[in-house]
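The values are calculated or read from the model by the stated rules, or taken from the named source; none is laboratory data. Note that the structure is predicted; figures quoted are calculated from it, not measured. Neighbour counts are summed over all protein chains in view; Cβ atoms, including those assigned to glycine, are modelled from backbone coordinates with ideal geometry. The protein model used for the area step is the full one, side chains on, heavy atoms only, and it has no ligands, DNA or RNA in it. Shrake-Rupley method; radii C 1.70, N 1.55, O 1.52, S 1.80 Å.
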Amino acid sequence: MSPAAGVLAGLLAALQAGLLVGAGDAWLAWRQFVDLPPSAIDALRLDSAGDLALGWAGASLVWSALIALPLMLAGLLFKGRLGRQGLLWAGLSFGLFALLYWHTRELIYPGQKATSPGRLAAAAGLLIASGVIGALAAAVSTRGPRWISAIWTSVAAVAVLGGAGVIYTEDSSGDGRGALNERNQDVPNVLLIIVDALRADVLGAYGNAIAHTPVLDQLADEGTVFENALVQAPFTGASFGSFFTGKYPRRHGLLTMAPGVRIEPGLNFARMLKSAQLASGERLQPDDLDAVSFMTGALSHGSGLMEGFDAYRELMLGHPLVELGNRWSVFRSKLVPFRLWSKVEGKLDSDLLANDARQWLSGQADRRFAMFLHLYSTHTPYDPPERFRELFLDEDYEGPFESFYAVHRTAIERGDYELTPEDVRRIADLYMAGVAQADHQIGIVLDELRAAGILDDTIVIVSSDHGEDLGAGATFDPASGAQLTAGRWEHNHMYRSNLHVPLIVRWPAGFPAGTRIGQLVESVDLLPTIAEAAGIVLPLDPAPGDVVDGRSLLPLLRGASVEHKPYTFAEDATFVSISDERYMLTLERFAVKPDAWDLALESGLGQIRFHDLEAHPSGEKDLFDDIVRGAVPAVAGEANRAKLMTEIDRLRAALLEWNDSMPIDVEDVERSDRDLETDANARAQVQNLEYLGYVTDWDAYHGDLREAVEAAREEATAPAEAAARQAASEAVEEPK
């Protein structure tokens, strides 16, 4: 066979392999659209047979193009000696391996690096399996007369041409969005940057002397720093729900820390900016604003929070920039080649998301836009690039942590690995390097706004969805240095370290620079703040699902008010918390209602914490156990107890009033596997300390209050229920 014939054979084999692999990839992608819940955004529901045909055509083109060059090269080099079957086997094996590798990544060694020994071994096994399946498929496909192969090749060619047509003709429908007009000319641009798991106390603007945060420090000088900003939940989903809707978690519904949880459609950040009524009486139109979100981590468009955005990118999920007005753009976001390449891009460019955001902003100088940027370098894995590592890491460290992954947190909490004080410092240093990286990435975006001359026309908001624990509560034996308690790691802990976040806002046209505000503010306050800044009138009599719990911060920012809120509230699936400017009270859910509270006091059951933030600013010292439950006799006198209970009762009264306004009962929230795991690990640590003879007030556990409350209620209602049954029986009894 001549070299030209070998090249042609490779091309024909690529068409055939692309058709088959594309069919499998398109089917798996289409099933993800079919499985979306009814409340999913219509633009994401590509679930018809026509949508599947569109995806198959596009996938066939993409896979054929990927496979063609190596197969044509093989045909040229081997001059046809591989034959039709060999070339087809090579193409099919490559495609099958990519599909198997991607779709099994969450099942085989999840959470580990692609280069870890376990993942490499799994990849080798998948490669062998792909080769075997590909060989069988190629053998079956090349049997029979050549006219069958010719028909098959023709079908593949038609599919590829159809894919080219699909990609060419699909309209992105975004070219005119955001063009200036009479409605939007006075509406500012909005840039909301959320750095996942960023504590407030790790920034220079918040007093950290070793932080490397020049960009955020300058932003603070040019804007306003909120010193007491608190989020509504210590984990991503619920906290972002409050950012984007202005509602507390039990009103927006994202309460469980688990995948696949969705929010119901309603008022949110992007929809408000694209359709709300202005104070002038006019109503904004969908194309008056171009809204885009760039997301790194667990936050997903599938959560329902991103409804109203025109385009989005999800780096962790491997989704390239998706235009929701373009069916092919939406479909391709689920295809393996694009998702794998997105992952590769992230490995090649540690600032990929910031650079993508910068590139998108470069075309927005004469448009109105809203951008949400979700950065992730302060979330596990703590694995920053070398240029940030060298700012903090100790070269003499000899422990195992060159990075810190969620699997490491799990091993520590379960007791599979015992920490040293050097380990704790190392992990904190890795985190601080991630803080420096986030600061650098924010600088990339702000520099683009500055270069385009639109920074001062943009409300810039930087905050976090929750803080992070870096071993808070970890203790070591003074004599031996051995670990006694592992402490708290990552987040989903109802402590101030998880709830206190940075909040820096810059908008020269709206309020003066260089101010600091000490009043309590909450993440639910951001949506009404943006609304007031944009001249948007929130509904005076909203539907139940559109009630906004937040309050605009503009009066504080402009110095028109010195009061905002007396209390802030937070909750996860286990706890509910209330704070004022001095105290913080945290109750497990089954201690909120009056009868449960009385039982908790009488029985000593349940997890209850009370912190005096003036005496102990870190919020780690629990006075409830020390004083109310008498764990520390030296301070547990009656006078101290009475004084403390006065403050606790005041906070409880406010908490009960707030609780009564929520649409979901405080006891009806389901706990996720992560919640149960965290609780079980904390109990095990306390029990181990008690077994060893140590005394600790860290996450003290006092028995299952829920079981006791339910049993007491059942006992209290039993006589009445028995009497009712007896009365009903007598009423229907036949007279003798």
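The fraction of accessible area contributed by carbon and sulfur in the chain is 57 percent, rounded to a whole number (1.4 Å probe; ligands and nucleic acids excluded). The overall shape of segment 1-137 is oblate: from the C-alpha gyration tensor, with semi-axes ordered a ≥ b ≥ c, the ratio a/c is 1.5 or greater and a/b is no larger than b/c. The helix-only estimate of mean residue ellipticity at 222 nm for the chain, built from DSSP H runs of length n ≥ 4 each weighted as -39500 (n - 2.57), is -15000 deg cm²/dmol after division by the residue total. For the peptides 471-479, 348-356, 656-664, 63-71, the ranking by mean Cβ contacts within 10 Å, running from highest to lowest, is 63-71, 348-356, 471-479, 656-664. Peptides 425-433, 180-188 ranked from most to least packed by the mean count of surrounding Cβ atoms within 10 Å: 425-433, 180-188. For the chain, the tally of Lys pairs with Cα-Cα distances below 21 Å comes to 7, considering only residues 8 or more apart or on different chains. Using a probe of 1.4 angstrom and keeping all protein chains present, the accessible surface of the chain works out to 43 square angstrom per residue. Spatially, segment 499-518 and segment 327-376 are offset by 28 Å when compared through their Cα centroids.
When volume of the Cα convex hull per residue in Å³ is computed from the coordinates, the matching label among (i) 238; (ii) 164; (iii) 209 is (i).
Of the listed peptides 490-503, 441-454, 214-227, what is their order by residue-averaged count of other C-beta atoms within 10 Å, with the highest listed first? Provide the component values of the computation, followed by the final result.
On the way: 490-503: 24.9, 441-454: 18.6, 214-227: 20.3.
My ranking of the peptides, most packed first, is 490-503, 214-227, 441-454.
Beta bridges per DSSP, both residues in the chain: antiparallel share near 55 percent.
Dividing the mean sequence gap of close Cα pairs (under 8 Å, 6+ apart) by how many residues the chain holds gives a relative contact order of 15 percent.
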